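In what follows, a structure is listed as structure tokens, so that the remarks can point back to it.
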């Protein structure tokens, strides 16, 4: 079997990569809708993988793995890798988890990545009401993650929240020292959320990036009585092309509140220092950015050897990405906590992807598919309706 084409189309707003072979078996990988630019980079990578045998996944990926980069630039390599695993599984008649060593859990725990509600305001009661809504969702999440601090618009809306200037444009543009008022207000919002969730549902917070180390330490210590699951990306993180390992280690060793980062990093090499110095407690690579499914598993196993937990990022925006996350997370060791549950941006995704039963999430878990490959397939007749004019030949490559 040989790869004959690698194509990318925008299906709705989400870039989808299709890898085609000379034996009529194809595979799919998905990229976040926030990265439509990725479509333009696929031809560059295609030239290097043409002619490769997709049933030898590692052999093909060695041709392109080093050519990616820190978020958002590793997404194309990651999507190609996922699509190749899809082909390998279909060719073998096995689910991808069998090729990755086999599943160790039949259901995979998820948290509310794509399940969101608008918040009425930025006061503690507004956060509490949001938790009531999330607690009542039919998915039955056992873990809820909420944006707060610099990861939330509150940082720019509350007068006197920090000493830095409020900037606009770009993801998470805030950075700097919080005022005493800003810090106290943030702690009060967390307390209000925990009052609603109690010990029934775990709470994690997506906090930054942009905090100073001193503010982060003070904040984390204030939250120790609440037994949070983690504080994410306080110092660096989402769309920051470095990890600042030494600063994270200073923070992590100063508090018992677990510290989390990693969604922006690419490849195992990007995580080596974080893991070996135990600079954080929880890692969160995104298989759609880190280099793919096998790369995520390698990082998880290495983290497990060092006593670190794993909670992968996963806002893929679609059901192909969800399938990929479920397959790989079913194989991870016991340091796995949960992954971020993506919800399609458009409801018609449920019409164009076959393989998911409803409801997808029950009691906060997704059941692992035993179908070949990723376990889902695109329904071409339906998906064609959502292709842009320039992508009308996406399914015609054979």
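The values are calculated or read from the model by the stated rules, or taken from the named source; none is laboratory data. Quick caveat, the model's predicted, so the values are computed rather than measured. Using ideal geometry, Cβ is built from the backbone for each residue, glycine included, and neighbour counts are taken over all protein chains shown.
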Q: For the range 88-117, enumerate the residues that are surrounded by fewer than 16 Cβ atoms within 10 Å (Cβ to Cβ) and over 20 Å from residue 341 (Cα atoms).
A: 92, 93, 101, 102
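Helices (runs of 4 or more DSSP H) wholly in the range 257-332 with at least 2 residues that are over 17 Å from the mean Cα position of the chain (by Cα) and assigned by TED's automatic domain parsing to the domain that holds residue 143 - which ones? Quick ask: steps written out before the conclusion?
Working: elements: 272-276, 293-305, 319-329.
Here the list reads 272-276, 293-305.
Quick one: in the range 14-33, of everything that is outside any strand (DSSP E or B) and surrounded by 15 or more Cβ atoms within 10 Å (Cβ to Cβ), which residue is farthest from the chain's Cα centre (by Cα)? Working first, answer last.
Step one: filter the range 14-33 for residues outside any strand (DSSP E or B), giving 22-26, 31-33.
Subsequent filtering for residues that are surrounded by 15 or more Cβ atoms within 10 Å (Cβ to Cβ) retains 25-26, 31-33.
Details: 25: 27, 26: 24, 31: 11, 32: 9, 33: 13 Å.
Top of the filtered list is 25.
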Q. Within the range 161-172, is even one residue at pLDDT below 95 and closer than 25 Å to residue 282 by Cα?
A. yes
Q. Name the residues in the range 310-335 that are surrounded by fewer than 22 Cβ atoms within 10 Å (Cβ to Cβ) and within 18 Å of residue 107 (Cα to Cα), would you?
A. 333, 334, 335
Q) Is it the case that some residue within the range 158-171 is without any contact (Cβ under 8 Å) to a residue 24 or more places away in the chain and either in contact with a strand residue (DSSP E or B) (Cβ under 6 Å, 6 or more places away or on another chain) or assigned to a helix (DSSP H, G or I) (or both)? A) yes
Q. Which is under 30 Å from residue 172 (Cα atoms), surrounded by 19 or more Cβ atoms within 10 Å (Cβ to Cβ) and under 20 Å from the mean Cα position of the chain (by Cα), of 79, 9, 83?
A. 79
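Within 29 Å of residue 375 (Cα to Cα), in the same structural domain as residue 219 (by TED's automatic domain parsing) and either more than 23 Å from the chain's Cα centre (by Cα) or in a helix (DSSP H, G or I) (or both) - does that describe any residue in the range 104-111? Can you show your working first?
The initial filter retains those residues of the range 104-111 that are within 29 Å of residue 375 (Cα to Cα), namely 104-111.
From the residues that got through so far, the ones that are in the same structural domain as residue 219 (by TED's automatic domain parsing) too are 104-111.
From what is left, the residues that are either more than 23 Å from the chain's Cα centre (by Cα) or in a helix (DSSP H, G or I) (or both) are none.
Within the range 104-111 (the criterion being within 29 Å of residue 375 (Cα to Cα), in the same structural domain as residue 219 (by TED's automatic domain parsing) and either more than 23 Å from the chain's Cα centre (by Cα) or in a helix (DSSP H, G or I) (or both)), the answer is no, since none of the residues qualifies.
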**Q.** Subset tally (residues that are crowded, with 21+ Cβ neighbours inside 10 Å and part of a loop (DSSP other than H, G, I, E, B)) for the range 37-63
**A.** 2
Q.
I'd like to verify a number: residues in the range 25-65 that are under 19 Å from residue 298 (Cα atoms) and out of contact with any helix residue (DSSP H, G or I) (no Cβ under 9 Å at 6 or more places or on another chain), how many?
A. 2
(Q) I need the full set of residues from the range 167-180 which are surrounded by fewer than 12 Cβ atoms within 10 Å (Cβ to Cβ) and more than 12 Å from residue 210 (Cβ to Cβ), in order please. (A) 168, 169, 180
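Which of the helices (runs of 4 or more DSSP H) contained wholly in the range 174-255 include at least 2 residues that are in contact (Cβ under 8 Å) with a residue 60 or more places away in the chain and in the same structural domain as residue 156 (by TED's automatic domain parsing)? Outline the logic, then answer.
Details: elements: 180-197, 213-222, 245-252.
In the range 174-255, the matching helices (runs of 4 or more DSSP H) lie at 180-197.
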Q: Go through the residues of the range 274-283 one by one and say whether even a single one is touching a helix residue (DSSP H, G or I) at 6+ places or on another chain (Cβ under 9 Å), within 23 Å of residue 95 (Cβ to Cβ) and surrounded by 24 or more Cβ atoms within 10 Å (Cβ to Cβ).
A: no
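Could you please let me know if residue 351 is in a loop (DSSP other than H, G, I, E, B), more than 19 Å from residue 137 (Cα to Cα) and touching a residue at least 12 places away in the same chain (Cβ under 8 Å)? Break it down into steps so the answer makes sense when it comes.
Working: in a loop (DSSP other than H, G, I, E, B): no; more than 19 Å from residue 137 (Cα to Cα): yes; touching a residue at least 12 places away in the same chain (Cβ under 8 Å): yes.
Spelling it out, it is not the case that residue 351 is in a loop (DSSP other than H, G, I, E, B), more than 19 Å from residue 137 (Cα to Cα) and touching a residue at least 12 places away in the same chain (Cβ under 8 Å).
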